[in-house]
Amino acid sequence: MDWPPPLPPAAEDGVPEIDETAAEEYCLTITIRKPTEAQMNFWLDVFEELSIPLLIFLVGRLWKSWCAIRDQELGRE
């Protein structure tokens, strides 16, 4: 099988006619599976377990950054 596939013959107006069944042979489809109930529950549990520590961490980083900017503006090191 040659790749890329040859173009279909052009019609009278110069635009190639596309055979849909032949086009399907060359189309790549991405299939997204719906997660199972167990997978959804796992990620929900992970989110619930990590949400509070993550929130505390992010607020701490924001506070630390704000203090560093404030100290820099005040001329403190």
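Structure above, values below:
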item: Any hit, region 45-65, residues being among the basic types (Lys, Arg) and at pLDDT 90 or above; result: yes
item: Subset of region 35-63 (residues that are exposed (fewer than 10 other Cβ atoms within 10 Å of the Cβ) and of a type outside the set (Ser, Thr, Tyr)); result: 37, 38, 48, 52, 53
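The values are calculated or read from the model by the stated rules, or taken from the named source; none is laboratory data. Since this is a predicted model, take the numbers as computed values, not measurements. Glycine also receives a Cβ, built like all others from the backbone with ideal geometry; neighbour counts cover every protein chain displayed.
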